Amino acid sequence: MRERVEAAARQLGYDGPDPRGRVLRNGKFNAIGFMPPGAYAIADVIRSPYGRELVLGVSLACDGAGATLSLVNGTEETRTSTIREALVDGFILGHSVDIDLITSAQRRRLPFVILESDAGPDINSIRIDGRSGALMAVGHLAALGHRHFVILSIRRTSGPPIVHMPGEGKITAGFQLDYERLDGFAQGLAEVNLSIDDVPIIETTPGEPSAGAVVFDRFPEATAILTMSDWQAITVLDEAVRRGINIPEH
């Protein structure tokens, strides 16, 4: 009888139980949803060196647990609805700037972790010591004799670079980590008798192709560039190569 049933199933093209039925029965998807830091699309994350390493680390952890990784689009238009609808058992959220993300995850009663920021004592989070890293970066460059700086901060919304001239104030939109890095830059500059208020700040999305040109065209006197992401640094280096500027010789 079993052979006859299996033969009939093959003839009808039946490949076995529908996995959606197992999900309904068990209430588990065996998947982790990952929304990377920043309001970026998945393609932007893959382009970013840091984003690729971050996704790789999460992937390795999922592989070790026998779970599937579901990349969640982080663009402003879709991220909240995606949190509500993603077929996952938990989330890794790249930031806590949008309280709607946390609220949506909490309403689903699923576990989640916030990256790069502190969302409060009742929420699991993994933080980066951005202040100390920024302080060390300034200290390293200052020890090499540099006193003319430009800062590239991360623009967290889409659009072209925003240039803040000395004395015009700080970044217009940023995450907690961005402000911590600015504090570290300010402390490091103060230790060599410089003020961050006298340093131009260019607010740009990571990977913005015009960022390097803005630096070299607007601030040719700068001898050191402080960035908040490796992708920003690579963009500036690419522009330096195009202009025949040798770093760190020049």
Residue exposure sequence - 82, 204 - by fewest surrounding Cβ within 10 Å:
82, 204
Can you give the local net charge around residue 137? Use residues other than it whose beta-carbon is closer than 14 angstrom to its beta-carbon, Lys and Arg +1, Asp and Glu -1.
-3
To make sure I understand, if each residue's beta carbon is the centre and we count other beta carbons within 10 Å, what order do 55, 72, 138 fall in, fewest to most?
55, 72, 138
tail above 19 Å in the computed P(r) of the stretch 174-250, as % of all Cα-Cα pairs, reads 40 percent
Kindly write out, for the stretch 182-189 in residue order, the coupling ³J(HN,Hα) from the Karplus curve 6.51 cos²θ - 1.76 cosθ + 1.60 (θ = phi - 60°), rounded to whole Hz, with x marking Gly and Pro.
4, 4, x, 4, 4, 5, x, 5
R0 of 45 Å, Cβ-Cβ distance residue 81-residue 213: FRET efficiency to nearest 0.05:
0.80
Counting only Cα atoms, I'd like the Rg/Rh figure for the stretch 116-186, Kirkwood definition for Rh.
1.02
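No value in this document is a laboratory result; all are computed from the given coordinates. None of these values were measured; they are calculated from a predicted model. In this analysis, Cβ positions are derived from the backbone assuming ideal geometry, glycine residues included, and neighbour counts consider all displayed protein chains.
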